[in-house]
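A short write-up of the structure that comes next.
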Amino acid sequence: MTSSPIALRAHFSDLATDYDVVLSDVWGVVHNGVEAFPEACDALIRFRAAGGRVILITNSPRPTESVIRQLERLKVPANVHDGLVSSGELTRGVIRARAGQTVFHMGPPRDASIFTGLDVTFAPLEAADYVICSGLFDDEHETPEDYRARLEGMRARNQFLVCGNPDVVVERGEQLLYCAGAIADLYQAMGGEVLYAGKPYRPIYDEAMRLAGKAGAKAEGARVLAIGDSVRTDLSGAHAFGIDCLFITAGIHAEELGARETPDPDALVKIFTAAGTLPRAVMRRLVW
């Protein structure tokens with residue numbers, strides 16, 4: 001692991017010809033939950049126009065169609081991508097596999113679409129066979145510590161927890177809010193059994209590559225690049241999957257790195273050293 005300063009690249013076009021497929025994070029790269037990033041959308045559209053395939057890969061705890069509708073509301077152009085896979089869609093697969101078991105939903109009502117069309121029987125937390133966690137009930141005011149007593153009860157009952165969004169925090173505008181991953185991490189630290197349905201774990205990457213192949217990418221040997229703003233999910237996930245990563249600094253690590261527009265190179269070295277891996281390249285924002 002190098003201790004030399006990290007050089008920031010100005011243009012994605014300098015890298016684009018090295019790759020056939022891009023697996024791009026959504027929240028923090030394409031939008032911030034409030035508005036789309038036009039330059040990032042333009043970069044992905046240009047990559048596709050040159051023959052590349054783009055699969056959006058997100059830890060959103062919602063079904064694919066729900067995420068696509070959100071992109072439409074934020075005015076993300078439809079031709080940004082060739083397909084999308086969400087941790088919410090993978091969570092739905094877990095629910096199908098546990099047909100007949102009762103479930104408690106830990107998360108805000110806005111995530112209820114994760115259950116749409118599925119044969120689900122809900123139960124109170126104390127009686128449920130397992131728990132689906134899609135986030136905090138009130139992510140603007142609560143922290144994971146507010147859930148400790150609930151988690152201690154779950155641990156005593158040996159309840160299984162499915163984390164529908166492995167992110168620990170997410171940006172909404174420029175505000176950082178806790179996600180389901182923070183609760184799941186706390187439960188796992190207590191000794192609870194957790195399944196993380198999303199990045200940085202392999203199943204979501206396998207599904208993304210399946211979609212890339214369906215869109216016409218090479219079945220084998222495709223040159224693949226992950227793009228994301230999270231060390232924990234995007235960088236570590238790409239490393240574990242054996243692909244390169246383009247790391248975006250003006251996302252969830254912006255404050256940790258010193259400033260959104262002028263990240264500290266030494267701080268970058270520090271977080272990459274802690275992760276035990278380096279990205280292929282670093283950019284402030286995705287720009288062609």
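Each value in this text was obtained by applying a stated rule to the coordinates, not by laboratory testing. These numbers come from a predicted model, not from an experiment. As a convention, Cβ positions derive from the backbone with ideal geometry for all residues, glycine included, and neighbour counts pool all protein chains shown.
Each Lys and Arg Cβ is given +1 and each Asp and Glu Cβ -1; about its Cα centre, the chain then shows a dipole of about 800 debye.
Looking at the stretch 121-279, the DSSP beta bridges with both ends there are about 25 percent antiparallel.
From the alpha carbon centroid of the stretch 142-158 to that of the stretch 201-268 is 31 Å.
Projected onto its three principal axes, the C-alpha set of the stretch 1-100 covers 54, 36, 28 Å, listed from the longest axis down.
Phi angles of the stretch 132-143 translate, via the Karplus equation with coefficients 6.51, -1.76, 1.60 and θ = phi - 60°, into HN-Hα couplings of 9, 9, 9, x, 8, 4, 9, 6, 7, 10, 8, 10 Hz per residue; Gly and Pro are given as x. Please list the non-local residues whose amide H lies under 5 Å from the amide H of G28, H modeled 1.01 Å from N, same-chain partners needing a gap of 5 or more. Under 5 Å from the amide H of G28: G33. When the helices of the chain are scored as -39500 (n - 2.57) per DSSP H run of n ≥ 4 and the total is divided over every residue, the value at 222 nm lands at -8500 deg cm²/dmol. Summing charges over all other residues whose Cβ lies under 13 Å from the Cβ of L186, with Lys and Arg as +1 and Asp and Glu as -1, gives -2. Hydrodynamic estimate: the Kirkwood radius of the stretch 160-249 over Cα pairs, inserted into Stokes-Einstein at 10 °C and 1.306 mPa s, corresponds to D of 111 µm²/s.
Here the Kirkwood formula, the inverse mean of 1/r across different C-alpha pairs, assigns the stretch 206-282 a hydrodynamic radius of 13.3 Å. Listed from fewest to most Cβ neighbours within 10 Å, the set F47, F122, F12, F272 follows the order F122, F272, F12, F47. Extents of the chain, taken as max minus min of Cα coordinates on every principal axis and listed largest first, are 55, 40, 33 Å. DSSP finds beta bridges in the chain, and of those with both partners inside it, around 15 percent are antiparallel. Which loop-located GluC sites (Glu not before Pro) does the stretch 98-165 contain, where loop means any DSSP state but H, G, I, E or B and the Cβ has at most 10 other Cβ atoms within 10 Å? Filter output for the stretch 98-165: E140. Within the stretch 93-196, all pairs of alpha-carbon atoms sorted by distance into 10 Å bins from zero give the percentages 16, 51, 29, 5, 0. Stretching L118 away from T102 to a fully extended chain increases their span by 4.5 nm, per 0.36 nm per residue minus the current alpha-carbon distance. For the stretch 219-288, GluC sites (Glu not before Pro) are listed when DSSP marks them as loop and at most 13 other Cβ atoms sit within 10 Å of their Cβ; the list is E220, E255, E261. Could you point to the residue in G216, A180, M154 farthest towards the positive end of the chain's charge dipole, with +1 and -1 charges on the Cβ of Lys/Arg and Asp/Glu respectively? The residue sitting farthest along the positive end of the dipole is G216. Neighbour counts of C-beta atoms inside 10 Å place C245, C163 in the sequence C245, C163, starting with the fewest. Per residue, the average separation of C-alpha pairs within less than 8 Å and at least 6 apart gives the stretch 67-187 a relative contact order of 23 percent.
The residues T17, T249, when put in order of fewest to most other Cβ atoms within 10 Å, stand as T17, T249. For V162, the residues whose modelled amide H falls within less than 5 Å of its own, excluding neighbours fewer than 5 places apart on the same chain, are V131, I132, C133, L195.
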